[in-house]
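Heads up: the structure comes next, in structure tokens.
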Amino acid sequence: MKTYNVAVVGATGAVGRTMLKILEERSFPVKNILPLASARSAGQKIEFRGKAYEVEEAKPSAFEGIDIALFSAGKDVSLELAPEAVKRGAVVVDNSNAFRMEPEVPLVVPEVNPQDLKKHRGLIANPNCSTIQMVMVLKPIHDRARVKRVVVSTYQAVSGTGLEAVEELKLQSQQVILGLETTLRVYPHRIAFNLLPHIDVFDDTGYSLEEWKMVRETKKIMGDESIQVTATTVRVPVFNCHSESVNVETWEKIAPEEARQILSKAPGVVVMDDPKNTIYPMPAYLSGRDEVFVGRIREDFTVPCGLNLWIVADNLRRGAAYNAVRICESLVEYNLV
Ligand code: NAP
Ligand code: 3JN
């Protein structure tokens, strides 16, 4: 079996660590692993398949001889180093927003648009976590009833902001309970016992960039610019797993029972929908899972063809690292690397 030299850029971060874990769990055919991060972490040890590897500084020369480079160190690092990795012959799977909307860059969820991988020119973009879990549920509905309009509100866990934000929620929760003043480092306001309707930066429209990512990425992945999406993205005091309330209007009528049947057959989707018996997806219980969970499937009686849904997934795994590793597996399967 062919094996690959794999670099993970951002290997010390929340997403990078999860990528290493998933490469290991899924026995991806790694010949050599190269953990890369900033100069601050160079020399630190990272374990992979029971062996300790030294973290190296991410710089252009590090990509010599690399077949696959998984990037999750932020947009600026991707803009600077992803082209350098491609120039040296690596196929890059980038987790940042840097290249997602470039027309020649495939933006891929393997269960939704794997065919787009065939167009790659060395760089593939991993969508935003909130988009991934939503399109995995929308695609089977779109194939049956054509999605016309989507209204989504997100409930995003702090792990989506990185390891520092996870520490911030832990510390602030203790501070609030003890009646102490809260320390603000990552977010502009307290996140413990609070909700922040603010993810990424705001523009003059009043929307945040996270909201625009959901709008634009959904159209690109679904391959249909006519789908209307409007989003409100909210940070919630949950450690891990993003949740979404999604209202979908379709061109053709689809009953909740049929939607349940279709979704129960959709790859990577689990229907968890028996509210009378208190069965619905909840973020506290779904960390560590790679599927997208959907429940509260019901008719929207205010429009002729509409559904309301509740979607939960592990944002670090399904929304980032697992999706990136699945992209790598598809590249191997289609002989594209
Ligand atoms: P994190 O926990 O803060 O980790 C950041 C990682 O980037 C660390 O490994 C850090 O290394 C590395 N890094 C920072 N500056 C660097 C530099 N100049 N050169 C090389 N490495 C550098 O953040 P995270 O949650 O893992 O997120 C990282 C990025 O992944 C985000 O900025 C975003 O672009 C992407 N992301 C995507 C999704 C998605 O929706 N698909 C979700 C979350 C994150 P040090 O330890 O050396 O500082
Ligand atoms: O906030 C979340 O829950 C997801 C975070 C994603 C993220 C965080 C920092 C920078 C991104 C992203 O994937 O869009 C970026 C970025 O690359 O712009």
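The values are calculated or read from the model by the stated rules, or taken from the named source; none is laboratory data. It should be emphasised that the depicted structure is a prediction, and the values quoted were computed from it without experimental measurement. All Cβ positions, glycine included, derive from the backbone under ideal geometry; neighbour counts span all protein chains shown. Please note that ligands, DNA and RNA were not included when accessible areas were found on the heavy atoms of the full protein model with its side chains. Shrake-Rupley method; radii C 1.70, N 1.55, O 1.52, S 1.80 Å.
General remarks:
- Fraction of accessible area attributable to carbon and sulfur, the range 6-124 (%, probe 1.4 Å): 45
- Loop-located GluC sites (Glu not before Pro) in the range 243-337 (DSSP state other than H, G, I, E, B) with a sparse environment of at most 14 neighbouring Cβ atoms within 10 Å: Glu252.
- Val91 long-range amide H proximity, modeled H, under 5 Å: Ile68, Ala69
- Heavy-atom accessible surface of the chain, averaged per residue, reaches 45 Å², computed with a 1.4 Å probe.
- Restriction of the chymotrypsin sites (Phe, Trp or Tyr not before Pro) in the range 265-337 to DSSP coil positions whose beta-carbon has at most 15 other beta-carbons within 10 angstrom yields Phe301, Tyr334.
- Measuring with a 1.4 angstrom probe and ignoring ligands and nucleic acids, Met101 comes out at about 90 Å² accessible.
- The chain - percent relative contact order, Cα under 8 Å, separation 6 or more: 18
- Each of Leu309, Gly16, Ile199 was scored by the projection of its Cα onto the charge dipole of the chain, and the greatest displacement toward the positive side belongs to Gly16; charges sit on the C-beta of Lys, Arg, Asp and Glu.
- Within the accessible area of the range 194-337 (1.4 Å probe), percent carbon and sulfur: 54
- Only helices reaching 15 angstrom along their own axis (Cα) with mean Kyte-Doolittle hydropathy no lower than -1.0 count here, and for the DSSP H runs of the chain these are 14-25, 75-87, 129-145, 163-177, 209-222, 322-333.
- Cut-off of 10 Å, at most 16 other beta carbons, DSSP loop: longest stretch of the chain lacking such trypsin sites (Lys or Arg not before Pro): 254-337
- Annotation note: GluC sites (Glu not before Pro) in the range 58-157 located in DSSP loop regions with a Cβ neighbour count of at most 15 within 10 Å are Glu64, Glu104.
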